[in-house]
Each structure stands twice: as C-alpha cells, then as structure tokens.
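K.L.:
Here it is, the structure, as structure tokens.
The values are calculated or read from the model by the stated rules, or taken from the named source; none is laboratory data. The shown structure was predicted, so the numbers you read here are calculated from the model rather than taken from an experiment. Reconstructed Cβ throughout: ideal geometry from the backbone, glycine too, with neighbour counts over all protein chains shown. Note: areas computed on protein heavy atoms with side chains; ligands, DNA, RNA excluded. Shrake-Rupley method; radii C 1.70, N 1.55, O 1.52, S 1.80 Å.
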Amino acid sequence: MKRFTALLMSMLLFTHTVCCANRYINMTLTYDYQKHNYNAEEVFTAVDGVKLTGLAMPPIILNDYTLVPAREVFEKLGAKVEWKKDIEQVFVTYGNTLVIIPINSENAYVNGQVKKMDTKAMIINNKTMIPLRFVSTALGFKIEWDSNTRVANIITKDIALTTVQTTVTTEQTTETTTAMLTTKAEVTTEAQPVTSANNEYIWYDYDNDALYVKNTGIALSDISEQDDYNEGKYIITINKKLQTSNTAFTPDSDYVESCTVSVGNKTTITFNENRIMAMDISNVNGYICFKSIPPKSKYDKIVIIDAGHGGSQPGALGNDIIEKDITLAMANSVKSKLDSDGRVKCYMTRPDDRDVGLEERAEMAHDIGGDMFISIHINSVENNTEANGTETYSLYPNDLGNGLTSYAVAEEMLDRLITNLGTNNRKVKSNTYVVLKTNKIPAALCEIGFLTNENDAEIMKNGVDKVGQAIFDGIIDLFNKYPSVR
Ligand SMILES: [Zn+2]
C-alpha cells in the first residue's frame with residue numbers, strides 16, 4: 001500500500017508538470033441530501049479507444065475513485081443495466097456475470113459473492129453513479145488509464161466471457177497507468193460456499209441480511225416458517241421446487257451465520273442463527289424477500305417461559321414428581337395456550353429435557369428483547385412434609401419503561417396460581433436466584449407448590465393445565481395493564 005501511495009503521489013506530480021492543458025470542470029453535485037462543489041480536472045471514459053461523449057453526467061472522481069453513470073457507460077459495453085428502485089440496487093449483467101451494486105454500500109455482489117469495493121455507488125444529481133474500475137474488472141474487462149489525455153479506456157476486446165470473476169488481484173492494479181483510477185476490485189480471499197447463486201434467481205443481500213428469491217408464482221401461502229431457535233435455526237419451507245440448485249451463503253451477520261437452500265419438490269431454506277431472530281417475508285420488486293429482523297421488530301408482546309432445571313439437573317424429587325419434568329409440562333401448557341391465542345409470542349429457554357445454564361436463560365431473554373420472563377419451579381424441604389403452598393419471587397424492578405416491574409409479575413402470578421390451584425398463599429418473596437439476579441427484563445420465579453407435601457404434590461400432578469391457565473391469564477392481563485414499549 002505504501003508503494004502504491006508513493007506511486008500515486010509521483011503520478012500526481014507528473015500529471016501536473018506535463019499536462020497543463022487539461023480542463024477543469026466546476027459543477028455542483030447533489031448527494032447525501034447536500035450540495036457539494038466539485039472542481040477537478042476533467043476525466044473521460046472510452047470503450048475500446050472510442051471516447052464516450054455527451055454523457056448526462058461526466059465521470060467524476062471522489063476520494064480518488066472514479067464514478068461513472070451506470071447505464072450510459074455499461075450499456076455501451078454491451079452489458080444489461082437495471083436499476084431496482086425498491087431495493088436501491090443496480091444490476092449489471094454481462095455474459096454469465098451478474099454484479100449487484102447497492103447504493104451507499106461498500107459491498108457489491110459478483111455472482112452472489114460479496115466483494116468489498118473501495119468506494120460506494122451513489123446517487124449524484126439523480127444519476128446512479130457506480131465505481132468504474134470495480135465494475136469493469138468484475139465484468140472481466142481491463143482498464144487502461146492515459147494520464148496525458150486523462151482517458152480511462154475500458155478494453156472489451158479479446159476478453160472471453162467465461163474468464164470473468166476471480167481473475168482480479170489487487171497488486172496488478174498498481175501499474176503506473178492506473179494512478180487516478182484506483183478502484184481496486186478486491187477479491188475477498190475466504191472461501192465462499194456459494195455454488196449456484198450466479199443468476200438473478202436467488203441471492204443474498206449481505207448489507208440488509210435478506211435472502212431474495214425470484215417470485216415465479218410463489219404465493220405467500222406456499223411458505224411456512226419454523227422458528228427452531230433452541231436449535232439455532234430458522235427454517236423456511238416453500239411448497240414449490242425452485243428453478244435453482246442447492247446453494248449456500250455465509251453472511252455471518254448479527255443474526256445469520258449461514259443460509260443453506262435445499263431444492264427438491266419442496267424447497268427448504270435454513271438460516272443458521274448467530275442469535276435468535278425473527279423473519280419478515282415480503283414481496284419486493286418481483287422477489288420474495290426473507291429478511292432477518294430482531295424478534296421485537298416483529299412481535300409487540302414477547303414472553304420467555306423458563307422451565308426450571310433440565311438435563312443433568314433434575315431439581316427436587318419426591319411423591320412421584322421429578323421437578324424438571326413437571327416444570328417442563330407446565331411451561332409447555334403455557335406455551336401452547338399462548339401459541340393458539342396468538343397475541344403474545346412465547347419463547348422457551350428449553351423445549352425439552354436438556355441442560356441450559358442459568359445465566360444463559362436470563363441472557364436469552366435479554367437478547368431476544370423480551371417483555372417478561374417467568375421461571376417455573378417446584379418447592380421442597382427436607383424432613384418436613386407439612387410445609388405447603390405457592391410462593392413467587394422477584395428481585396430488581398427491571399422496568400422497561402412501561403411501568404411493569406418484576407414485583408408486579410410475581411404478584412400477578414401468585415394471585416392467579418393460588419386461585420386456580422387452591423393452594424396456600426405464601427406471598428411474594430425476594431431472593432438472589434441467578435435467573436432473577438442476571439435478568440434485565442421484568443422477571444418472576446414461581447414455586448408452584450411443595451412436592452414434599454402430599455396434598456400439594458397431588459394438586460400439582462393433576463393441575464398442570466391449571467398452572468398453564470393461571471400463568472397464561474396472568475400474562476395476558478399484564479400486557480393489557482402494561483402495554484409494551486417499542
Ligand atoms: Zn427448582
């Protein structure tokens with residue numbers, strides 16, 4: 001890079017000493033909602049030695065990189081140039097190569113692979129201006145820069161259409177003739193598992209974390225979603241065979257680590273998650289767009305239900321009750337009621353008998369952006385079969401701005417549980433349980449009853465659905481009293 005800068009500087013000096021006859025252009029450029037004064041030596045673009053004249057916007061150099069009007073220049077090369085207004089992207093197709101250039105982004109997509117550009121494409125004076133060198137080399141053309149005439153000549157002759165992609169290396173662009181046109185087409189070095197995204201049929205927009213599938217008669221009713229967040233997956237099934245083959249993308253974005261598309265009579269798209277996400281599915285400009293979004297952008301009420309213990313941690317045992325099993329049954333009861341009701345999105349810290357760390361449970365609630373966290377446990381006490389009743393716990397208020405506190409959740413749950421179960425009221429208490437201590441959202445822990453007490457044990461064994469109903473009713477009531485703030 002140092003060598004290159006020195007070269008650039010010497011070229012600048014050289015240019016100034018010998019080419020005094022060049023014309024300066026002075027014009028106002030409007031971009032980024034502002035007017036900018038542009039005063040620079042004129043530069044030209046040529047195709048195979050024929051200078052392009054009469055362009056509505058001249059080539060301009062911003063931050064040392066040349067931008068040219070997309071359509072006027074690249075259609076001259078025989079490329080197809082499309083402006084996709086809805087998604088603010090330019091599609092340039094030549095031979096078997098598709099280059100997608102989003103506006104105001106440094107990432108472009110060459111046959112589905114993300115490539116970093118040194119400068120952004122921009123809308124300037126209402127014209128779509130794209131980086132000359134990057135797009136030309138991505139399409140497989142060579143560029144020669146003549147510093148005397150200040151012409152960037154795009155050479156299309158003798159370039160076989162099939163030799164595009166991956167032939168560009170950064171170092172080769174530091175030839176003396178290229179000093180002013182230094183949009184280096186940096187080819188990302190890491191392997192991309194993209195196999196068949198080299199068409200407009202399916203592609204991934206890495207900037208917006210969205211997969212686009214050309215809509216060839218896919219109805220939204222053909223699409224089903226499976227939010228398998230406990231396995232770190234979000235799975236889309238399309239009841240149609242897509243006109244593409246199996247492919248994969250590795251956005252490694254905040255939400256999506258990788259995305260695989262498996263094509264059969266049905267098409268399965270699996271998003272492997274970096275964190276729990278939701279999905280926005282829409283029709284955009286002839287494409288079905290699968291955009292990964294934060295859960296709270298999609299759901300206005302979110303509750304996290306935590307079935308106590310699990311896996312290698314059974315919890316308390318006695319009177320034919322295993323704590324981890326009955327808490328899961330109670331949690332499942334709440335979830336199925338919430339799911340069939342549909343007003344509140346419910347996440348479970350564990351969907352089955354598995355180990356999940358205590359802090360991990362609270363972190364999950366925070367990460368999702370939940371409104372309420374409810375942990376379900378069963379009480380026990382040694383050498384005492386008399387102790388009985390329901391108690392709930394809260395610790396920090398964790399008010400998210402709507403007035404709902406952990407205490408209010410604990411109080412609501414207690415009232416509902418003792419009413420539905422007919423158990424003894426042991427009041428709302430406070431304790432530094434890890435799931436309460438590390439939680440950042442309103443959180444309550446419910447000790448439903450004592451499995452060491454025969455009567456409580458019977459009530460609980462027969463009362464799984466009553467517990468589910470009490471917690472469900474409490475959640476709905478709390479959301480009515482304290483609408484979530486988004
Ligand atoms: Zn417990």
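K.L.:
Applying the selection to the stretch 265-275, what residues are open to solvent by 10 Å² or more (accessible area, probe 1.4 Å) and either of a type in the set (S, T, Y) or outside the structural domain of S224 (by TED's automatic domain parsing) (or both)?
P.N.:
Passing the criteria: T268, T270.
K.L.:
Write out, first by first residue and then by second, each pair whose Cβ atoms fall under 7 Å of each other, whose residues are 6+ apart or on separate chains, and whose first residue, in the stretch 214-228, is touching a residue at least 12 places away in the same chain (Cβ under 8 Å) while the second is surrounded by 11 or more Cβ atoms within 10 Å (Cβ to Cβ) and among the small types (G, A, S).
P.N.:
Going by the 7 Å Cβ cut-off, the qualifying pairs are K214/G286; N215/G286.
K.L.:
If G318 meets every condition in (1) away from the ligand (no atom under 15 Å from the Cβ); (2) assigned by TED's automatic domain parsing to the domain that holds D371 apart from one, which number is that one?
P.N.:
(1)
K.L.:
Condition (residue is buried (at least 18 other Cβ atoms within 10 Å of the Cβ), within 15 Å of the ligand (Cβ to nearest atom), among the basic types (K, R) and outside any loop (DSSP other than H, G, I, E, B)) applied to the stretch 343-354: is it met by at least one residue?
P.N.:
Checking the stretch 343-354: not a single residue is buried (at least 18 other Cβ atoms within 10 Å of the Cβ), within 15 Å of the ligand (Cβ to nearest atom), among the basic types (K, R) and outside any loop (DSSP other than H, G, I, E, B).
K.L.:
Now a separate question. Any residue at all in the stretch 375-384 that's open to solvent by 60 Å² or more (accessible area, probe 1.4 Å), on the phi < 0 side of the Ramachandran plot and within 16 Å of the ligand (Cβ to nearest atom)?
P.N.:
Yes: the stretch 375-384 contains one or more residues that are open to solvent by 60 Å² or more (accessible area, probe 1.4 Å), on the phi < 0 side of the Ramachandran plot and within 16 Å of the ligand (Cβ to nearest atom).
K.L.:
Restricting to the stretch 243-261, count the residues that are within 20 Å of E200 (Cβ to Cβ) and exposed (fewer than 15 other Cβ atoms within 10 Å of the Cβ).
P.N.:
Number of matching residues: 3.
K.L.:
Restricting the stretch 290-315 to residues that are in a strand (DSSP E or B) and of a type in the set (S, T, N, Q), which is farthest from the ligand (Cβ to nearest atom)?
P.N.:
S292
K.L.:
May I pose another question? Condition first: open to solvent by 10 Å² or more (accessible area, probe 1.4 Å), touching a helix residue (DSSP H, G or I) at 6+ places or on another chain (Cβ under 7 Å) and assigned to a helix (DSSP H, G or I). Now tell me which residues in the stretch 358-374 satisfy that.
P.N.:
Of everything in the stretch 358-374, those that are open to solvent by 10 Å² or more (accessible area, probe 1.4 Å), touching a helix residue (DSSP H, G or I) at 6+ places or on another chain (Cβ under 7 Å) and assigned to a helix (DSSP H, G or I) turn out to be L358, E359.
K.L.:
Still on this structure, please answer the following. If only one of L77, L67 is more than 34 Å from the chain's Cα centre (by Cα) and open to solvent by less than 20 Å² (accessible area, probe 1.4 Å), which one is it?
P.N.:
The conditions single out L77.
K.L.:
Ok, one more. Would you tally the residues in the stretch 321-331 being touching a residue at least 40 places away in the same chain (Cβ under 8 Å), more than 11 Å from the ligand (Cβ to nearest atom) and in a helix (DSSP H, G or I)?
P.N.:
The total comes to 3.
K.L.:
I'd like to verify a number: residues in the stretch 123-152 that are over 22 Å from R23 (Cβ atoms) and surrounded by fewer than 19 Cβ atoms within 10 Å (Cβ to Cβ), how many?
P.N.:
3
K.L.:
Moving on to the next point. Restricting attention to the stretch 243-280, report how many residues are farther than 19 Å from L220 by Cα and part of a strand (DSSP E or B).
P.N.:
Result for the stretch 243-280: 10.
K.L.:
Is at least one residue of the stretch 276-284 assigned by TED's automatic domain parsing to the domain that holds M364 and open to solvent by 10 Å² or more (accessible area, probe 1.4 Å)?
P.N.:
Checked the stretch 276-284: no residue is assigned by TED's automatic domain parsing to the domain that holds M364 and open to solvent by 10 Å² or more (accessible area, probe 1.4 Å).
K.L.:
How many residues does the stretch 428-462 contain that are more than 19 Å from G369 (Cα to Cα), at pLDDT 95 or above and more than 15 Å from the ligand (Cβ to nearest atom)?
P.N.:
The total comes to 7.
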